[in-house]
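What follows is a single structure, written as structure tokens, with notes after it.
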Ligand SMILES: [Zn+2]
């Protein structure tokens with residue numbers, strides 16, 4: 001079918017997956033999988049973590065945030081850190097504890113307000129463009145499950161480039177559509193497809209390609225299972241997820257990109 005790819009501009013795509021009303025197509029040139037048609041509405045969603053009353057979920061969220069901070073510190077020991085789509089700001093709280101100067105951007109005004117009130121953090125309402133940060137200000141920018149929620153990934157990454165210092169890092173995490181499709185966990189697929197703001201569905205190949213196309217040098221491709229930071233998952237589910245990672249179908253893709 002005729003439709004333009006937001007990464008390589010190729011005008012042809014093929015059907016990839018259809019579930020109910022939701023249709024995904026794949027670019028016949030760069031293989032990027034995307035929702036068809038691409039969503040236009042800005043991303044404002046009820047964050048799962050808002051309902052995270054359970055001890056288990058809170059523990060998982062802290063574990064995830066701690067993982068992100070440890071991961072960033074392997075590349076950037078200190079300095080200014082921006083988390084785009086910071087949500088409840090767990091990552092920023094941990095990053096501040098680790099000595100970073102932190103800033104966040106969050107489109108959901110209520111979530112942003114709560115994070116400011118609870119933690120005294122500097123969090124801007126809106127998207128990265130609304131925040132108008134000065135050029136070359138940040139040592140590191142994190143995009144945790146953000147890049148797949150934009151219909152214009154190259155524009156977003158260009159703005160990340162602008163606000164990063166030369167040599168600064170952008171760390172990205174997205175879900176892997178290839179693994180998601182193979183997972184026998186129908187719920188996970190349904191949840192992901194059911195989110196209308198979810199525009200793009202990356203594979204390790206396309207996640208790397210979009211960072212390179214935006215002008216970054218990809219220093220490391222990382223793969224992991226959500227079981228790595230989900231202490232409350234039942235053992236059988238953990239085992240199933242780990243097996244996927246071992247056979248080369250990791251659920252999550254990490255891209256470590258340098259300006
Ligand atoms: Zn393409």
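Here the residues 208, 58, ranked from fewest to most Cβ neighbours within 10 Å of their Cβ, fall in the order 58, 208. Dividing the Cα radius of gyration of segment 13-258 by its Kirkwood radius returns 0.94 for Rg/Rh. Want the number for residue 132 to residue 109: 0.36 nm per residue separation, take away the alpha-carbon distance, what's left? Result for the pair: 6.6 nm of gain on full extension.
Of the beta bridges in segment 13-258, as assigned by DSSP with both residues counted there, near 55 percent are antiparallel. Ranked by the mean number of other Cβ atoms within 10 Å per residue, highest first, peptides 188-194, 64-70, 166-172 order as 166-172, 64-70, 188-194. In nanometres, what is the gap between the two model label sites at residue 162 and residue 243, each 7 Å from Cα along Cα-to-Cβ? Each label point lies 7 Å from its Cα, and together they span 4.8 nm. For segment 193-218, no residue has its backbone nitrogen under 11 Å from a point 7 Å from the Cα of residue 155, taken along Cα to Cβ. Model label points for residue 59 and residue 219, set 7 angstrom from Cα along the Cα-to-Cβ axis, are 3.3 nm apart.
Any read-out appearing in this document is the output of simple, stated calculations on the displayed coordinates, not a laboratory observation. Since this is a predicted model, take the numbers as computed values, not measurements. All Cβ positions, even for glycine, are placed from backbone atoms using ideal geometry, and neighbour counts span all protein chains on display.
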